[in-house]
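Read through the structure below, which is laid out as C-alpha cells, and then see the notes.
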Amino acid sequence: MAPAEEARTTGGPGLRERKKRETRAALSRAAIRLCVLHGWENVTVDQIAAEADVSVRTFRNYFGGKAEAIAASHQERMLRVAEDLLARPAGEGLWDALLHAVLGQFAPADNSGPQNGRWQEGVRLMLAEPVLAGEIVKANAAAQEELARAVARRTGTDVERDVHPTLVAAVVAAGSAVAVERSLRADAPLPLGAVLAEVFEQLAAGLPVPSVPSVPLLPSAP
C-alpha cells in the first residue's frame, strides 16, 4: 500500500511504515549534508551510514547508492505535501491548499536549512552531478503519482479517468523545482518561501502573460 493511500485508509501511516520512512529520511539527510559540505566525490556509503547511525547493510536495504539516497529526500517531501493537502480545510481553494502544503515542506518559516553561500554553492554542485539527475527524475515521477491521487481525492476527480489531477501534480512539481532553482541561483539572498508564493500566485491566475513596457521600434534604414 502506498504511503498516501495508507494515510487515507487508516488515518495515518502505520508504525512500520513510519519507521521505514524515518530511516530513509535520516539516510537521505545524511547523504545530502555530507555531499554538500565535502563534495560528491569525497563521500562514501560507509560515511553516510555512519552519519545516520546505521549499518552499511541497512543503507543497502534502502538504497542502491548515494544518488538514490539523495533523490529520496525529494520524494519524501512531495509525499508529505500530498498528506498535508488532504489535511487542509475542506473549504479552502485547491491552489491555496497546495501553496500551504508546499510551503510547509519546502520552506517552513524559511528555516529549513543553512542559507549561507557555501551551503548554496554546495547544493548547486551536488545537483549538477549527472548520476543524480536520473534518480531525481525517477523520484519525481513516483512523487507525482502520489500527489495526483491526493489532488483527485481533494477535488472529487478520478486519477485514472480525468487528466486534471495528474496535470496539477506535474505543474506543482515543476513550479516547486523552478522556485528552488531560482532561490539557489540568486545573487542576493532570495527566500524560497517568497519565490514559491510568487510561483503559485501565477499558477492560480492561469499563468497570464506579463505586461511589459512597449519598446518603440527603430526607424527602418532607408
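Among the residues of segment 66-86, is any among the aliphatic types (A, V, I, L, M) and surrounded by fewer than 20 Cβ atoms within 10 Å (Cβ to Cβ)?
If we filter segment 66-86 for residues that are among the aliphatic types (A, V, I, L, M), which is where we start, we get 67, 69-72, 78-79, 81-82, 85-86.
Subset that is surrounded by fewer than 20 Cβ atoms within 10 Å (Cβ to Cβ): 86.
Yes, segment 66-86 has at least one match.
In the list Ser55, Ser28, which residue meets the criterion of being of a type in the set (S, T, N, Q) and more than 22 Å from Arg124 (Cβ to Cβ)?
Values: Ser28 fails: more than 22 Å from Arg124 (Cβ to Cβ).
Going through Ser55, Ser28 in turn, just one is of a type in the set (S, T, N, Q) and more than 22 Å from Arg124 (Cβ to Cβ): Ser55.
Name the residue that is surrounded by the most Cβ atoms within 10 Å (Cβ to Cβ), counting only residues in segment 48-65 that are touching a residue at least 24 places away in the same chain (Cβ under 8 Å) and assigned to a helix (DSSP H, G or I).
Per the criteria, the residue is Phe59.
Give segment 87-122 a look and list any residue that's crowded, with 18+ Cβ neighbours inside 10 Å, modelled with pLDDT under 85 and in a helix (DSSP H, G or I), or say none.
Within segment 87-122, just Gln120 meets the criteria.
Right, Val159: part of a loop (DSSP other than H, G, I, E, B) and β-branched (Val, Ile, Thr) or not? Break it down into steps so the answer makes sense when it comes.
Working: part of a loop (DSSP other than H, G, I, E, B): yes; β-branched (Val, Ile, Thr): yes.
So Val159 passes the test.
If we scan segment 129-149, do we find a residue that is modelled with pLDDT of 95 or more, surrounded by 15 or more Cβ atoms within 10 Å (Cβ to Cβ), on the phi < 0 side of the Ramachandran plot and among the polar types (S, T, N, Q)?
Yes, that holds for at least one residue.
Looking at Glu121, Glu181, Glu160, can you tell me which residue is over 24 Å from Lys66 (Cα atoms) and among the acidic types (Asp, Glu)? So that I can check it myself, show each step before the final result.
Values: Glu121 fails: over 24 Å from Lys66 (Cα atoms); Glu181 fails: over 24 Å from Lys66 (Cα atoms).
It is Glu160.
Of the residues that make up segment 179-202, is at least one under 14 Å from Val81 (Cβ atoms), assigned to a helix (DSSP H, G or I) and among the aromatic types (Phe, Trp, Tyr)?
Yes, segment 179-202 has at least one match.
Which one is modelled with the lowest pLDDT, of the residues in segment 164-180 that are within 11 Å of the chain's Cα centre (by Cα) and surrounded by 16 or more Cβ atoms within 10 Å (Cβ to Cβ)? Full working, then the answer.
Of all residues in segment 164-180, those within 11 Å of the chain's Cα centre (by Cα) come to 172-180.
After this cut, where a residue has to be surrounded by 16 or more Cβ atoms within 10 Å (Cβ to Cβ) as well, the list is 172-173, 175-176, 179-180.
On the way: Val172: 97, Ala173: 95, Gly175: 96, Ser176: 94, Ala179: 94, Val180: 90.
In this case the residue turns out to be Val180.
Only one of (1) surrounded by 13 or more Cβ atoms within 10 Å (Cβ to Cβ); (2) over 20 Å from Glu17 (Cα atoms); (3) in contact with a helix residue (DSSP H, G or I) (Cβ under 7 Å, 6 or more places away or on another chain) fails for Asp158. Which number is that?
Answer for Asp158: the failing condition is (1).
Please go through segment 27-47 and pick out each residue that is closer than 24 Å to Met78 by Cβ and either in contact with a Phe, Trp or Tyr (Cβ under 7 Å, 6 or more places away or on another chain) or surrounded by fewer than 17 Cβ atoms within 10 Å (Cβ to Cβ) (or both).
Leu27, Val36 - these are the residues of segment 27-47 that are closer than 24 Å to Met78 by Cβ and either in contact with a Phe, Trp or Tyr (Cβ under 7 Å, 6 or more places away or on another chain) or surrounded by fewer than 17 Cβ atoms within 10 Å (Cβ to Cβ) (or both).
The values are calculated or read from the model by the stated rules, or taken from the named source; none is laboratory data. Computed from a predicted structure; not experimentally measured. All Cβ positions, even for glycine, are placed from backbone atoms using ideal geometry, and neighbour counts span all protein chains on display.
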